[in-house]
Structures are given as C-alpha cells and as structure tokens.
1. Once Lys and Arg get +1 and Asp and Glu get -1 on their Cβ, which of A:83, A:100, A:49 lies farthest toward the positive end of the dipole of the range A:1-102?
2. Please identify the chymotrypsin sites (Phe, Trp or Tyr not before Pro) of the range A:60-154 that satisfy two criteria: DSSP loop assignment and at most 15 other Cβ atoms within 10 Å. Which are they?
3. Rounded to the nearest 20 Debye, what is the dipole magnitude of chain B about its Cα centre when Lys and Arg each give +1 and Asp and Glu each give -1 at the C-beta?
4. Would the range A:116-191 count as rounded, prolate or oblate if I go by the C-alpha gyration tensor, calling it rounded below 1.5 in a/c and otherwise prolate when a/b exceeds b/c, oblate otherwise?
5. Sequence-distant or interchain residues sharing an amide H contact under 5 Å with residue B:170, placed H: which?
6. Add -39500 (n - 2.57) for each DSSP H run of 4 or more in the protein assembly as shown, then divide by its residues: what number comes out at 222 nm, to the nearest 500 deg cm²/dmol?
7. Could you tell me how many degrees, from 0 to 90 and to the nearest 10, lie between the Cα long axis of helix A:111-138 and the main elongation axis, the longest principal axis, of the Cα atoms of chain A?
8. Hey, fewest Cβ within 10 Å first, where do A:6, A:271 land in order?
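Derivation of every value follows stated rules applied to the coordinates shown; laboratory data play no part. Model, not experiment: these values are computed from the prediction. Cβ coordinates were reconstructed from backbone atoms using ideal geometry, including for glycine residues, and neighbour counts include every protein chain displayed.
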Amino acid sequence: MKYLNEVWSSRELLFNLVSREVRGKYKRTIFGQLWSLVNPLALMLIYTFVFGLIFRSNPPPGDPSGLDVFPLWLLCGLLPWIFFSTVVSTSAGSLVANAGLIQKVAFSRIVLPLSTVGSTAYNWAFEMAVLLIAIVVAGGFVWPWIPLLIVAMALLAVFAAGIGLLFSIFTVYFRDTQYLLGILLQFWIYLTPIIYPISLVSNESAKHGGLLGTPVTLLGIYDLNPMVHFVAIFRELIYDNRWPDPAEWLICVIWAAAAAGFGMLVFRKNEPKLAEAL
Amino acid sequence: MTDIAVRVDHVTKSFRMYHERNQSLKSAIMRRRRSVYEDFLALKDVSFDVPVGSTFGLIGSNGSGKSTLLKCLANIYRPNQGSITHFGKIAAMLEVGSGFHHELSGRENIFLNGSILGMSRKEITRKFDEIVAFSGVEQFIDQPVKNYSSGMYVRLGFAVAINVEPDILVVDEVLAVGDQEFQDKCYQKFRDLKAAGRTVILVSHSMETVQSMCDHAAWLSHGELKAVGSAEPTIKSYLDSLSHDG
C-alpha cells in the first residue's frame, strides 16, 4: 500500500516522462504521428494477403454486427497485440536505457517502465480511434460499446505493465532477455487467435478429445494463454458488437491483477539494488 | 536534535567485484552457480553528523570513498550496514542535465528535469524565470537542447538543480564547469543558500574551493573516516598527510 502511494506521488514525473516520449518520438519526421499507423497497416496488408487470401482463414462474420471484412477482423486482435508486445519489449529495456539517470538521480524507478506503457497507450488509442471509424464506415454499431472498450484497454494496459515490470528487472540481470523476448513474442502471437479464428483450434481440439486419456484438451491448454481472452473481449466488443462472456472478463481481471501484483512485488524488491546492478 | 541536518551512523558499504559475472544466461547455465566475486569495502564504519546550516566538504584522494558516500547520502545506494538519517528535504546534484531529452526544447527540458529532481509543476512554473535567468540561455530557451553548446547545456542543468531549493543539497564536483562569470554566480548561490540556513554537502578536489566555502569538513581515506570537524584543521591534516606520503 505504501508503495502504491509512492508510485502515486510520482504521477507528475510519470506524466512528464510520457510526454517526453510522445513528443520526442516523431520529432523531425514529416508525417509525425501518422507513422504510428504505418506499422499496423503494413502488418494488416501482409496478414490479409497471406492468411485472408492465400490460406483463407475465413473467420465467422460478426454476430450480431454482420461484418465480414477480414482486415477489420484482423485489426481488432492485432492492434491490442501490437500494444501489448510493444509495451513488454520497450519496458524491458527501459531500465538499461536509462542507466545513467538511475545512477545519478534518486527517484521512484518504477516510472521508467510505466512511462513506456503511457506513451505506447497514447499511440494505441490513436490507432483504435481510426479502427473504430473504419468499422462504423463498414456498418458496425460500436458506439454503445466504447465505455466497455476503454475498460478492456485499461485491463490490457495493467496486464502489459505487470509483464513489462518483470522483464525490465530480468533485463538488468540478464542482458540476453531482450533478445529472448523477441523470440518469445514471435511464438506468442502465433499461439493467440489473432490471424486465425479460434474455431480452428476448438475444431482440432474436439477431434482429439482428451489428450493421452486425460480430460485435458488441446483447447484447455491453449486457453491458458491470457492473450486468448483479451483478444476475445476486443473482438466481441468491436467486431461482433456484443456483450462479452462474463467468464472472459473474470479471467482477464485475474490475469491483469496477478501480473501487476507480481510485477510490482519483484520490482520493489529489486529497486534499491538497481543503481549498482546496472 | 534540531541542529543536525544529516546523521551518518556507522555506515558500511561494500561492492561485489565480479571476477566472472553471470550477466548472460549462457554463462549462468554453463557455470551452474552464482557468480564469482569478492567484496570490496568502499566505506568502513563511517559516522559523523552534519550540522544544520553548514557547508560541509568531503575531501580525500581518488578512490577514498567520497563519491560512494555521496551516493549513499543521495539515496542512490543503500548502505550494507548502518543508516543515514536526513532531517529535511534532500536533493542531490551528482551530474547536471541528467534526463535531458535532446530533441526537446530548453523550456520542455526544464519541466522534465525539474520533475525528475522532485519539483512539482507549480513550483517549476513559479521559478521558471529565475531558472532561465540564472542559466543565461534566455535567447535559446525554445531551441532543442542538442543545439546548445556544452557550456549552455551544463548551465541549464545546473540552474534547474540549484532551484530545487532543498533543505540539504548534495553536490558532486560539478562546479568545475562554465566560465568564470558562471562559477561566481554559483558560489554566490551557495552563499545565499547558506544565508537561508540551508545545508550544503559538497565533494571537491580543489582545496581552495573547500577552504573558501566550507566551514566543516570530513576527510576520508580508503573508506575510513580520518578526521571530521571544522574545515581548517581537517584540510590541514589532509594536506600534511599528502606531503608526508609524497
């Protein structure tokens, strides 16, 4: 509790660091903030070509929205994923990148990884706004779901922050973490139903039934991935325009709380040693 | 009680000197044990009190533990044993311009740097003109700091740091920057702080500086406290020891 207070009292610093990132990032580029849209758009084109046209991953149309546009369906999962993976990989390097500051000034170190969450969230909010407009143009009815969408975004941000805190500490002690993390995130995106519908996994799982005679199914193992549930919530809200399953909400809340709690615990325990370890 | 600004109580600080450090996963797995290290004692059981309103100098040769002690005072390192108690708000100036963002303007960096050093937005707004005037970069305040000369950069950083106005200010050897005019300004600022009853703790290799500014001093040698007290006798015994050795 005391630690949360300390973090809360550094909110002004946190805000300043976030605006440093946001304002410094696209300085001296001609297209400025538009660059933050380019990366998701490029990925969208690639995945739409490969998985929408060649492999025909054919996701079911939105129910009840009736939307059936692969790129939009893809982006509903891809944008949260890009946010998550960017937060995890940049906050992992945030302590090492600011080693000079940590060794010279005493301040609450947790603001460094947390500020990457803030600046990435800023770009993400911008991307999501563009996606919502595209969905409205395509005929979706998203307006009533926006408050819930914001709640879901906040939950994912908390989850990503927790994981980012953990990796920021690992990276200080093991510099290999940053490279390992790139590979881990590659695996992770393909283990999450972002570019293919989850129905492909559940069909396969139903075919095999319990693995090796146990009641554990393929889908049961697959569901252990928290991002499966986050992506499901985002798709249901924006693409299907319906109320997500309460069980999914509960799973996401638990994962977010667990990641943030554990991340803060580990961070707090290691914070006093950082100046020497770097 | 009230006349002590900082109490350093039996502080010991050791560092691990790694012979083979497991900083990569591979070496950790290959060796299957903790890193090989030796403890190096940078500070050995140091205790002294810094009186309120004094200008306190830390002197000693290179590697005597001055900077380590300063970092302990600034809450950057935690001592292994013993404790350091502050009576009042403390701010440290170990490096100027830490946390400046090169692409941002001087104005934006004042706010950024100020909040890193623990000032609130309101405070910075209030002191903004003073900071700019002190740094002497008025003309370039809206330029990105990467275009600043190194002198301007340091002056701006120093101006922000000195305007934090803590009860206790900890300063590393940062005074050796800027031209004569700026240095005079800095000394004047230190005298003002002293007149306002604030405590300044500084590290310097220049005995002239210590002699002219400090009323108290502590002499460290190889991590041990050799002498502490009024500035003059402490400096004298330090200088004597130097002439004996060499």
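1. Projecting each Cα onto the dipole axis, the largest value belongs to A:100.
2. A:141
3. Roughly 1240 debye, rounded to the nearest 20.
4. Since a/c reaches 1.5 and a/b is larger than b/c, the shape of the range A:116-191 is classed as prolate.
5. Here B:91, B:92, B:93, B:201 satisfy the definition.
6. Only helices count here, giving -17500 deg cm²/dmol.
7. 30 degrees
8. A:6, A:271
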